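Okay, so here's the structure we're looking at.
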Amino acid sequence: MRTFGVEEELLIVDPETGAPLALADALLSGRRLAADDAPEDPHALDTRAKTAYDDEMGLSAELKLEQIETQTRPCLEYSELLPQIRAGRLLADQAALKNGARVAALATSPLGSTTHTTPDPRYARMLERFGLTAQEQLTCGFHVHTYIESKDEGVAVLDRIRDKLAVLTALSANSPFWNGMPTGFESYRTQAWNRWPTSGPSGIYGTYSAYRRVVTRLLDSGVMLDEGMLYFDARLSRNHPTVEVRVADVCLRAEDAALIAVLVRAMVESASREWRDGVDPAPVPTVLLRMAAWQASSSGLSGELLDFGTFRPAPAVDVARSLVDYLAPVLAEQDELALARQGVEDIIARGTGSVEQRRVRDSAMEKSAPDDGGLGAVVLHAVGVTMRGTSGLPEVDEAPELLRVRQS
């Protein structure tokens, strides 16, 4: 059974108004900051306020001071991962509370706000280079790391999961609002994120050397600052022996986040078995994958998705169920099939985070028509949902760590 771990990006918000607060540096003061995308030379960073970058700590700075990232240790099963996700949320919220704030698992801020870039030279260069894209990039994603035995296996996995990733976007959709406005999208984070030049789906590589050639050519173009800015939907981690899947919104509910991670691990294992059995990856054109991702971002589970078997439109809920069916042999071996089926049915029944956000907003508007259009209520509701399941956990002095993920 492969180990897996996750990273969650959370919004830091005002507990009364729901507005984003630029407090990440205060939350992380005195801690070592983890950053998977940090420059390889840590001495190039401004280590002000007794901070430094370390990729083995459990709270990290991100591009914007209005967000903070948590990480888990590598886990073997859902029942181990879910408490760690909750512990990470608790740790971040404890730090926020000390500074008069809270954290919320929202993939975009419902309320409009001027954003503040984390003060280090790399992020300053990103802001200068990418202008409004970097300035507006207050988005919170959910990244799943799954152990691989070799880089060759990792590339084989990337080639064989690319046609199924849009389903994860639909299941995790949690960003219907942007800058105080309804967007018409279930996952607007996907739209905002895909403004980066190297984001989105990739082609079929075939070999690790071919993967490296693509990476080298992208870096040689001079567009990206460094390899940390290669924002593929799925990539090989630079710092861990893992495949990193990056398409999901941060999930409102911790149990949905753990479910997405379970599905990703099963996808990685299934893809590896296909590779070892000589099964070629599905030759789906990258442009069609980009359209599938757009469709998942647009309608989530409420409309149609491109079915990953036929790449023809099908009801989204049927495609989500089909993904579990496809992964069933691996999920059954890992005693996670019933859990995965029930988890998907739960999301279908109650709706994604986006559905829940809109439901809260509509209810707030029916009651009082507040000046903020009900979006403050959305954020405050999200704070409560984000922290569900954490009340029985002990206070954490140090965060869970995304250590070197290993196979057990």
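The values are calculated or read from the model by the stated rules, or taken from the named source; none is laboratory data. For clarity, every value in this text was computed on a predicted model and none was experimentally measured. Please note: Cβ atoms are built from the backbone with ideal geometry, for glycine as well, and neighbour counts cover all protein chains shown. These accessible areas exclude ligands, DNA and RNA; they are computed on the full protein's heavy atoms, side chains included. Shrake-Rupley method; radii C 1.70, N 1.55, O 1.52, S 1.80 Å.
With n ≥ 4 as the cut-off for DSSP H runs, can you work out [θ] at 222 nm for the chain, using -39500 (n - 2.57) per run divided by the number of residues, rounded to the nearest 500?
Values: 13 runs with 174 residues, N = 408.
Computed mean residue ellipticity for the chain: -13500 deg cm²/dmol.
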request  = Taking every pair of Cα atoms in segment 100-151, average 1/r, invert it to obtain the Kirkwood radius, and report Rg/Rh to two decimals.
outcome  = 1.09
task = Calculate the translational D of segment 246-323 in whole µm² s⁻¹ from Stokes-Einstein, where the hydrodynamic radius comes from the Kirkwood formula applied to all Cα pairs, the temperature is 10 °C and the viscosity 1.306 mPa s.
result = 114 µm²/s
task = With a ≥ b ≥ c taken as the square roots of the eigenvalues of the C-alpha gyration tensor of the chain, please select rounded if a/c is under 1.5 and otherwise prolate if a/b is larger than b/c or oblate if it is not?
result = rounded
query = Pairs of lysine in the chain with Cα under 22 Å and at least 8 positions apart or on different chains: total?
reply = 4
message = For residue 231, what accessible surface area do you get with a 1.4 Å probe? Give it in Å², rounded to 10.
response = 10 Å²
key: Of 387, 18, 83, farthest towards positive along the dipole that unit charges on Lys, Arg, Asp, Glu beta carbons give the chain   = 18
message = Once you order the gyration tensor axes a ≥ b ≥ c over the Cα atoms, which shape class does segment 162-277 get: rounded for a/c under 1.5, otherwise prolate or oblate by comparing a/b with b/c?
response = oblate
query = With charges only on Cβ, +1 for K and R and -1 for D and E, what is the dipole size of segment 62-132 about its Cα centre, in debye, rounded to 20?
reply = 120 debye
request  = Convert each backbone phi in segment 356-367 into a coupling constant with the Karplus relation 6.51 cos²θ - 1.76 cosθ + 1.60 (shift: θ = phi - 60°), then list the ³J(HN,Hα) values in order as whole Hz, x for Gly and Pro.
outcome  = 5, 4, 5, 5, 5, 4, 4, 5, 5, 5, 5, 7
key: Cα-centre dipole for segment 181-258 with unit charges at Cβ (Lys and Arg positive, Asp and Glu negative), debye to 20   = 280 debye
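Round to a whole number: what % of the accessible area of segment 208-283 belongs to carbon and sulfur, probe 1.4 Å? Don't skip to the answer; put the middle values down first.
Numbers: 1240 of 2590 Å².
Whole-percent figure for carbon plus sulfur exposure: 48.
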task = For segment 103-204, just say rounded, prolate or oblate: build the C-alpha gyration tensor, square-root its eigenvalues into a ≥ b ≥ c, call rounded for a/c under 1.5, and beyond that prolate if a/b exceeds b/c, oblate if not.
result = oblate
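May I ask you to give the solvent-accessible area per residue for the chain, in square angstrom, as obtained with a 1.4 angstrom probe?
Details: 15900 Å² over 408 residues.
The answer is 39 Å² per residue.
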query = How many percent of the alpha carbon pairs in segment 175-221 exceed a separation of 16 Å?
reply = 56 percent
inquiry  = Which one, 58, 154, 180, has the greatest fluctuation when you compute a Gaussian network model over the chain with C-alpha springs under 10 angstrom?
reply    = 180
inquiry  = At a threshold of 8 angstrom on Cα-Cα distance, excluding pairs fewer than six apart, so keeping six or more, what relative contact order does the chain reach in percent?
reply    = 26 percent
remark   = Using the Kirkwood radius over Cα pairs of segment 290-354, the Stokes-Einstein translational diffusion coefficient at 25 °C and 0.890 mPa s, in µm²/s and rounded to a whole number, is 198 µm²/s
